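Heads up: the structure comes next, in C-alpha coordinates.
The values are calculated or read from the model by the stated rules, or taken from the named source; none is laboratory data. All values derive from a computational prediction rather than experimental measurement. Positions of Cβ are backbone-derived with ideal geometry, glycine not excepted, and every protein chain shown enters the neighbour counts. Protein only, heavy atoms only, side chains kept; ligands, DNA and RNA dropped before computing areas. Shrake-Rupley method; radii C 1.70, N 1.55, O 1.52, S 1.80 Å.
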Amino acid sequence: MYLSAKTLSAAASALVLGFSATSLWAQPSPVAGAPAAAAAKASPTVKAILDRGYLICGSGHATTGFSAPDKNGVWKGLDADTCRAIAIAVLGDASKARFVPLTGQQRLTALQTGQIDVLPRTTSWTLRRDANGINFTYPNYYEHDAFMLRKDLGVTKTQEMKGATVCVQSGSTNEVTVADLSRKYDLNLKLVLFDNSTAARQAFYSNRCDAYITDGSALAAMRATQVSNPDDYIIFPASGDSEALTPAVRHGDDRWFDIVKYAIQAPIAAEAMGITQANIDEMLKSTAPRVARFLGTEPGNGQALGLDEKWAYNIVKQLGNYGEIFERNVGKDSPLKLDRGLNRLYTDGGLMYPYVFN
(Lines give C-alpha, C1' and ligand atoms only; values in the text may rest on other atoms or scores of the structure.)
Protein backbone atom coordinates (compact mmCIF):
# COMPACT_ATOMS: atom_id res chain seq x y z
CA MET A 1 0.00 0.00 0.00
CA TYR A 2 1.32 3.45 -0.93
CA LEU A 3 0.52 6.17 1.59
CA SER A 4 0.25 9.80 0.59
CA ALA A 5 1.14 12.51 3.07
CA LYS A 6 -2.59 13.13 3.45
CA THR A 7 -3.25 9.60 4.69
CA LEU A 8 -0.20 9.12 6.90
CA SER A 9 -1.90 10.31 10.08
CA ALA A 10 -4.73 7.83 9.63
CA ALA A 11 -2.26 5.10 8.79
CA ALA A 12 -0.26 5.84 11.90
CA SER A 13 -3.31 5.12 14.02
CA ALA A 14 -4.22 2.03 12.04
CA LEU A 15 -0.81 0.35 11.94
CA VAL A 16 -0.63 -0.83 15.53
CA LEU A 17 2.13 -3.17 16.66
CA GLY A 18 0.69 -5.98 18.77
CA PHE A 19 2.56 -7.54 21.69
CA SER A 20 1.16 -10.43 23.68
CA ALA A 21 1.73 -11.16 27.35
CA THR A 22 4.36 -13.68 26.28
CA SER A 23 6.23 -11.10 24.21
CA LEU A 24 10.01 -11.22 23.88
CA TRP A 25 10.17 -7.91 25.74
CA ALA A 26 9.13 -7.19 29.30
CA GLN A 27 6.56 -4.52 29.91
CA PRO A 28 7.57 -2.09 32.72
CA SER A 29 5.37 0.78 33.73
CA PRO A 30 5.36 3.75 31.36
CA VAL A 31 7.17 6.94 32.27
CA ALA A 32 5.03 9.00 34.61
CA GLY A 33 5.12 11.90 37.00
CA ALA A 34 7.62 14.72 37.19
CA PRO A 35 10.15 13.47 34.57
CA ALA A 36 7.44 13.10 31.93
CA ALA A 37 6.03 16.51 32.77
CA ALA A 38 9.49 18.06 32.45
CA ALA A 39 10.10 16.39 29.09
CA ALA A 40 6.72 17.46 27.78
CA LYS A 41 7.32 21.04 28.86
CA ALA A 42 10.70 21.12 27.14
CA SER A 43 9.67 19.33 23.94
CA PRO A 44 6.52 19.73 21.85
CA THR A 45 7.25 16.37 20.22
CA VAL A 46 7.44 14.58 23.57
CA LYS A 47 4.23 16.29 24.67
CA ALA A 48 2.45 15.06 21.53
CA ILE A 49 3.74 11.51 22.09
CA LEU A 50 2.68 11.49 25.74
CA ASP A 51 -0.75 12.91 24.88
CA ARG A 52 -1.44 10.26 22.22
CA GLY A 53 0.24 7.44 24.15
CA TYR A 54 2.47 6.08 21.38
CA LEU A 55 5.41 6.93 19.13
CA ILE A 56 5.02 7.15 15.32
CA CYS A 57 8.02 5.95 13.28
CA GLY A 58 8.57 6.04 9.55
CA SER A 59 9.59 2.64 8.21
CA GLY A 60 10.44 0.85 5.00
CA HIS A 61 7.86 -1.16 3.09
CA ALA A 62 9.38 -4.62 3.40
CA THR A 63 13.08 -4.36 4.12
CA THR A 64 13.93 -7.71 5.67
CA GLY A 65 16.28 -7.33 8.60
CA PHE A 66 15.53 -3.63 9.04
CA SER A 67 11.78 -2.95 8.96
CA ALA A 68 9.26 -5.49 7.72
CA PRO A 69 6.11 -7.03 9.21
CA ASP A 70 6.23 -10.78 9.85
CA LYS A 71 3.38 -13.17 9.01
CA ASN A 72 1.57 -12.01 12.15
CA GLY A 73 1.91 -8.34 11.27
CA VAL A 74 4.57 -7.66 13.94
CA TRP A 75 7.28 -5.34 12.66
CA LYS A 76 10.76 -6.82 12.90
CA GLY A 77 14.22 -5.50 12.11
CA LEU A 78 17.08 -3.29 13.22
CA ASP A 79 15.20 -0.08 12.39
CA ALA A 80 12.04 -1.41 14.03
CA ASP A 81 13.97 -2.08 17.23
CA THR A 82 15.53 1.40 17.01
CA CYS A 83 12.00 2.78 16.99
CA ARG A 84 11.13 0.62 19.99
CA ALA A 85 14.19 1.86 21.89
CA ILE A 86 12.96 5.43 21.49
CA ALA A 87 9.43 4.45 22.56
CA ILE A 88 10.87 2.77 25.65
CA ALA A 89 12.90 5.87 26.55
CA VAL A 90 9.83 8.11 26.49
CA LEU A 91 6.96 5.74 27.35
CA GLY A 92 8.74 2.84 29.07
CA ASP A 93 7.17 0.26 26.77
CA ALA A 94 8.35 -1.30 23.47
CA SER A 95 4.77 -1.96 22.39
CA LYS A 96 4.09 1.79 22.26
CA ALA A 97 5.78 2.02 18.85
CA ARG A 98 3.75 2.41 15.65
CA PHE A 99 5.09 2.02 12.12
CA VAL A 100 4.10 3.90 8.95
CA PRO A 101 5.58 2.45 5.70
CA LEU A 102 7.07 5.19 3.55
CA THR A 103 8.67 5.30 0.12
CA GLY A 104 12.00 6.98 -0.50
CA GLN A 105 10.19 10.07 -1.77
CA GLN A 106 7.67 10.21 1.07
CA ARG A 107 9.97 9.70 4.03
CA LEU A 108 11.59 13.13 4.44
CA THR A 109 8.39 15.04 3.72
CA ALA A 110 6.52 12.94 6.28
CA LEU A 111 9.12 13.85 8.89
CA GLN A 112 9.31 17.54 7.97
CA THR A 113 5.51 17.95 8.08
CA GLY A 114 5.09 16.19 11.43
CA GLN A 115 3.29 13.11 10.13
CA ILE A 116 5.84 10.98 11.97
CA ASP A 117 7.88 11.68 15.11
CA VAL A 118 11.14 10.10 13.97
CA LEU A 119 12.51 8.46 10.84
CA PRO A 120 14.51 5.29 11.60
CA ARG A 121 14.28 3.99 8.02
CA THR A 122 17.49 3.10 6.15
CA THR A 123 18.17 6.76 5.38
CA SER A 124 21.71 7.90 4.56
CA TRP A 125 23.08 10.94 6.37
CA THR A 126 23.89 13.49 3.67
CA LEU A 127 24.74 17.19 3.71
CA ARG A 128 21.76 18.35 1.65
CA ARG A 129 19.26 16.36 3.69
CA ASP A 130 20.83 17.64 6.90
CA ALA A 131 20.57 21.22 5.66
CA ASN A 132 16.94 20.84 4.56
CA GLY A 133 15.04 20.69 7.83
CA ILE A 134 16.42 17.34 9.06
CA ASN A 135 18.57 16.61 12.11
CA PHE A 136 20.39 13.29 11.87
CA THR A 137 20.97 11.70 15.26
CA TYR A 138 23.47 8.81 15.43
CA PRO A 139 24.06 6.01 12.89
CA ASN A 140 22.46 2.69 13.75
CA TYR A 141 24.07 0.93 10.76
CA TYR A 142 27.02 1.59 8.46
CA GLU A 143 26.41 0.41 4.91
CA HIS A 144 27.77 0.39 1.37
CA ASP A 145 25.81 0.49 -1.86
CA ALA A 146 25.98 -2.51 -4.18
CA PHE A 147 24.72 -3.92 -7.46
CA MET A 148 22.97 -7.24 -7.91
CA LEU A 149 22.95 -8.87 -11.35
CA ARG A 150 22.22 -12.27 -12.79
CA LYS A 151 25.42 -14.32 -12.97
CA ASP A 152 24.76 -15.35 -16.57
CA LEU A 153 25.50 -11.76 -17.67
CA GLY A 154 29.15 -12.39 -16.83
CA VAL A 155 29.61 -9.02 -15.08
CA THR A 156 31.67 -9.00 -11.88
CA LYS A 157 32.44 -5.30 -11.25
CA THR A 158 31.04 -1.85 -11.90
CA GLN A 159 33.48 -1.02 -14.70
CA GLU A 160 32.06 -3.90 -16.79
CA MET A 161 28.47 -2.57 -16.77
CA LYS A 162 28.66 -0.39 -19.91
CA GLY A 163 25.19 0.30 -21.31
CA ALA A 164 23.38 -1.56 -18.52
CA THR A 165 19.90 -0.66 -17.31
CA VAL A 166 19.65 -0.24 -13.54
CA CYS A 167 16.52 -0.48 -11.39
CA VAL A 168 16.65 2.08 -8.58
CA GLN A 169 14.29 3.59 -6.02
CA SER A 170 13.69 7.26 -6.76
CA GLY A 171 14.60 9.71 -4.04
CA SER A 172 17.47 7.54 -2.78
CA THR A 173 21.19 8.25 -2.71
CA ASN A 174 21.57 5.24 -5.03
CA GLU A 175 20.09 7.34 -7.84
CA VAL A 176 22.96 9.80 -7.47
CA THR A 177 25.49 6.99 -7.16
CA VAL A 178 24.48 5.46 -10.51
CA ALA A 179 24.73 8.83 -12.26
CA ASP A 180 28.16 9.48 -10.72
CA LEU A 181 29.49 6.03 -11.65
CA SER A 182 28.17 6.32 -15.20
CA ARG A 183 30.03 9.60 -15.62
CA LYS A 184 33.19 8.42 -13.86
CA TYR A 185 33.64 5.26 -15.95
CA ASP A 186 31.82 6.43 -19.14
CA LEU A 187 29.30 3.59 -18.78
CA ASN A 188 26.16 5.16 -20.25
CA LEU A 189 24.07 3.52 -17.53
CA LYS A 190 20.31 3.86 -17.96
CA LEU A 191 18.21 4.48 -14.85
CA VAL A 192 14.79 2.85 -14.48
CA LEU A 193 13.11 4.63 -11.55
CA PHE A 194 10.48 3.26 -9.19
CA ASP A 195 8.57 4.84 -6.31
CA ASN A 196 9.56 2.16 -3.80
CA SER A 197 11.98 -0.70 -3.32
CA THR A 198 9.33 -3.39 -3.72
CA ALA A 199 8.46 -2.23 -7.24
CA ALA A 200 12.17 -1.92 -8.12
CA ARG A 201 12.86 -5.46 -6.91
CA GLN A 202 9.94 -6.91 -8.84
CA ALA A 203 11.07 -5.17 -12.01
CA PHE A 204 14.57 -6.60 -11.58
CA TYR A 205 13.23 -10.11 -11.06
CA SER A 206 11.13 -9.67 -14.21
CA ASN A 207 14.28 -8.82 -16.21
CA ARG A 208 13.18 -5.24 -16.90
CA CYS A 209 16.66 -4.17 -15.75
CA ASP A 210 20.11 -5.70 -15.97
CA ALA A 211 20.97 -4.64 -12.43
CA TYR A 212 19.43 -3.49 -9.19
CA ILE A 213 21.22 -1.08 -6.83
CA THR A 214 20.51 -0.55 -3.15
CA ASP A 215 22.21 -1.12 0.20
CA GLY A 216 24.39 -4.21 0.26
CA SER A 217 22.56 -5.65 3.27
CA ALA A 218 19.20 -5.28 1.52
CA LEU A 219 20.56 -7.13 -1.49
CA ALA A 220 21.85 -9.90 0.76
CA ALA A 221 18.38 -10.15 2.29
CA MET A 222 16.80 -10.32 -1.17
CA ARG A 223 19.11 -13.06 -2.33
CA ALA A 224 18.69 -15.05 0.88
CA THR A 225 14.92 -14.85 1.18
CA GLN A 226 13.26 -13.86 -2.11
CA VAL A 227 14.76 -15.94 -4.91
CA SER A 228 14.48 -19.66 -5.56
CA ASN A 229 18.15 -20.08 -6.47
CA PRO A 230 20.45 -17.53 -4.77
CA ASP A 231 23.46 -18.84 -6.69
CA ASP A 232 21.98 -17.38 -9.89
CA TYR A 233 22.81 -13.85 -8.68
CA ILE A 234 25.99 -11.94 -7.95
CA ILE A 235 26.38 -8.96 -5.61
CA PHE A 236 29.35 -6.59 -5.70
CA PRO A 237 30.09 -3.09 -4.32
CA ALA A 238 28.93 -0.22 -6.54
CA SER A 239 31.09 2.78 -5.61
CA GLY A 240 33.11 1.31 -2.76
CA ASP A 241 31.95 4.16 -0.51
CA SER A 242 30.27 3.59 2.85
CA GLU A 243 27.25 5.48 4.15
CA ALA A 244 25.90 6.05 7.63
CA LEU A 245 22.25 4.98 7.86
CA THR A 246 20.97 7.32 10.52
CA PRO A 247 17.59 7.92 12.20
CA ALA A 248 16.47 11.53 11.87
CA VAL A 249 14.20 14.09 13.53
CA ARG A 250 13.05 17.42 12.18
CA HIS A 251 14.66 20.73 13.06
CA GLY A 252 13.31 22.82 15.90
CA ASP A 253 13.02 20.50 18.92
CA ASP A 254 16.40 20.19 20.61
CA ARG A 255 15.17 18.19 23.62
CA TRP A 256 13.64 15.56 21.33
CA PHE A 257 16.87 15.51 19.31
CA ASP A 258 18.82 14.77 22.52
CA ILE A 259 16.43 12.02 23.63
CA VAL A 260 16.55 10.21 20.29
CA LYS A 261 20.36 10.43 20.12
CA TYR A 262 20.81 8.86 23.53
CA ALA A 263 18.07 6.26 23.06
CA ILE A 264 19.97 5.03 19.98
CA GLN A 265 23.25 5.20 21.88
CA ALA A 266 22.05 3.28 24.93
CA PRO A 267 22.38 -0.24 23.41
CA ILE A 268 25.82 0.67 22.02
CA ALA A 269 27.01 1.94 25.39
CA ALA A 270 25.57 -1.16 27.08
CA GLU A 271 27.56 -3.46 24.81
CA ALA A 272 30.73 -1.46 25.47
CA MET A 273 30.18 -1.88 29.23
CA GLY A 274 29.41 -5.60 28.95
CA ILE A 275 25.75 -5.17 29.88
CA THR A 276 23.39 -7.67 28.24
CA GLN A 277 19.70 -8.45 28.41
CA ALA A 278 20.56 -11.50 30.52
CA ASN A 279 22.87 -9.87 33.06
CA ILE A 280 21.38 -6.39 33.39
CA ASP A 281 19.56 -7.06 36.65
CA GLU A 282 22.77 -8.35 38.19
CA MET A 283 24.56 -5.25 36.86
CA LEU A 284 22.20 -3.10 38.93
CA LYS A 285 24.38 -4.08 41.88
CA SER A 286 27.51 -2.67 40.23
CA THR A 287 29.42 0.03 42.12
CA ALA A 288 31.22 1.17 38.96
CA PRO A 289 30.20 4.83 38.55
CA ARG A 290 29.74 4.62 34.73
CA VAL A 291 27.49 1.57 35.05
CA ALA A 292 25.50 3.06 37.94
CA ARG A 293 24.88 6.31 36.07
CA PHE A 294 23.91 4.42 32.91
CA LEU A 295 21.44 2.12 34.67
CA GLY A 296 19.97 4.92 36.78
CA THR A 297 20.93 3.57 40.20
CA GLU A 298 22.94 6.78 40.50
CA PRO A 299 20.40 9.46 39.46
CA GLY A 300 20.95 12.38 37.12
CA ASN A 301 20.80 11.21 33.50
CA GLY A 302 17.03 10.78 33.52
CA GLN A 303 16.52 14.21 35.03
CA ALA A 304 18.83 15.76 32.43
CA LEU A 305 16.65 14.44 29.57
CA GLY A 306 13.32 14.71 31.37
CA LEU A 307 12.97 10.90 31.46
CA ASP A 308 12.63 8.21 34.08
CA GLU A 309 16.02 7.48 35.67
CA LYS A 310 15.82 3.85 34.46
CA TRP A 311 15.14 4.72 30.82
CA ALA A 312 18.43 3.18 29.58
CA TYR A 313 17.94 0.13 31.80
CA ASN A 314 14.48 -0.34 30.30
CA ILE A 315 15.83 -0.22 26.73
CA VAL A 316 18.45 -2.91 27.34
CA LYS A 317 16.12 -5.01 29.49
CA GLN A 318 13.49 -5.11 26.75
CA LEU A 319 15.66 -5.17 23.61
CA GLY A 320 19.22 -6.15 24.55
CA ASN A 321 22.46 -4.35 23.75
CA TYR A 322 23.47 -3.34 20.22
CA GLY A 323 25.29 -6.59 19.53
CA GLU A 324 22.24 -8.61 20.55
CA ILE A 325 19.92 -6.43 18.47
CA PHE A 326 22.26 -6.67 15.47
CA GLU A 327 22.67 -10.45 15.60
CA ARG A 328 18.94 -11.04 16.08
CA ASN A 329 17.92 -8.95 13.10
CA VAL A 330 20.71 -9.07 10.51
CA GLY A 331 23.58 -11.08 12.01
CA LYS A 332 24.33 -14.71 12.73
CA ASP A 333 20.96 -15.37 14.40
CA SER A 334 19.02 -14.02 11.40
CA PRO A 335 18.35 -15.32 7.88
CA LEU A 336 20.71 -12.63 6.52
CA LYS A 337 23.73 -13.78 8.56
CA LEU A 338 25.64 -10.56 7.82
CA ASP A 339 29.06 -9.95 9.30
CA ARG A 340 29.15 -6.95 11.65
CA GLY A 341 31.99 -5.34 9.71
CA LEU A 342 31.95 -1.59 10.25
CA ASN A 343 29.15 -2.06 12.79
CA ARG A 344 31.48 -3.59 15.36
CA LEU A 345 32.38 -1.58 18.42
CA TYR A 346 35.35 0.74 17.96
CA THR A 347 37.32 -1.51 20.32
CA ASP A 348 36.87 -4.33 17.80
CA GLY A 349 37.83 -2.32 14.72
CA GLY A 350 34.36 -0.95 13.92
CA LEU A 351 32.76 2.49 13.90
CA MET A 352 30.28 2.10 16.76
CA TYR A 353 31.54 4.45 19.47
CA PRO A 354 29.55 5.03 22.66
CA TYR A 355 28.79 8.48 24.02
CA VAL A 356 29.60 9.31 27.63
CA PHE A 357 26.50 8.86 29.82
CA ASN A 358 27.41 11.48 32.44
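A compact table of results
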{"quantity": "Residue-normalised accessible area of the range 144-243, given per residue in Å² at a 1.4 Å probe", "calculated": "46"}
{"quantity": "Percentage relative contact order, the range 144-243, counting C-alpha pairs under 8 Å, at least six apart", "calculated": "48"}
{"quantity": "Around R340: net Lys/Arg minus Asp/Glu count, Cβ-Cβ under 14 Å", "calculated": "-3"}
{"quantity": "All Cα pairs of the range 144-243, percent lying beyond 19 Å", "calculated": "32"}
{"quantity": "Separation of alpha-carbon centers, the range 136-182 and the range 65-125, rounded to whole Å", "calculated": "25"}
{"quantity": "Unit charges on C-beta of K, R, D, E only; dipole of the chain, Debye", "calculated": "520"}
{"quantity": "Entries of K96/K337; K151/K332; K47/K96; K285/K310; K71/K96 with Cα pairs more than 22 Å apart", "calculated": "K96/K337; K151/K332"}
{"quantity": "Within-15-Å neighbourhood charge of D210 [Cβ basis; K, R +1; D, E -1]", "calculated": "+4"}
{"quantity": "1.4 Å probe accessible area per residue over the range 75-135, in Å²", "calculated": "27"}
{"quantity": "Antiparallel %, DSSP beta bridges [both residues in the chain], to 5", "calculated": "60"}
{"quantity": "Cα Rg, Dmax, the range 292-338, angstrom units", "calculated": "14.1, 40"}
{"quantity": "Local electrostatic count at Q226 - Lys and Arg +1, Asp and Glu -1, tallied over other residues with Cβ under 13 Å", "calculated": "+1"}
{"quantity": "Burial order of peptide ranges 228-240, 252-264, 41-53, 210-222 (average beta-carbon count within 10 Å, highest first)", "calculated": "210-222, 252-264, 41-53, 228-240"}
{"quantity": "Rounded percent of accessible protein surface that carbon and sulfur make up, the range 56-99, 1.4 Å probe", "calculated": "47"}
{"quantity": "Whole-percent carbon and sulfur share, accessible surface of the range 144-243, 1.4 Å", "calculated": "44"}
{"quantity": "222 nm mean residue ellipticity, helices alone, for the chain (DSSP H n ≥ 4; -39,500 (n - 2.57); rounded to 500)", "calculated": "-10500 deg cm²/dmol"}
{"quantity": "The chain: Rg to Rh, with Rh as the Kirkwood radius over Cα pairs", "calculated": "0.98"}
{"quantity": "Net lengthening on full extension, Y205/Q226 (0.36 nm per residue, minus Cα-Cα)", "calculated": "6.6 nm"}
{"quantity": "Set of aspartates and glutamates near K317 by C-alpha distance (under 15 Å), chain-local residues within fewer than 8 positions excluded", "calculated": "D81, D93, E271, D281, E282, D308, E309"}
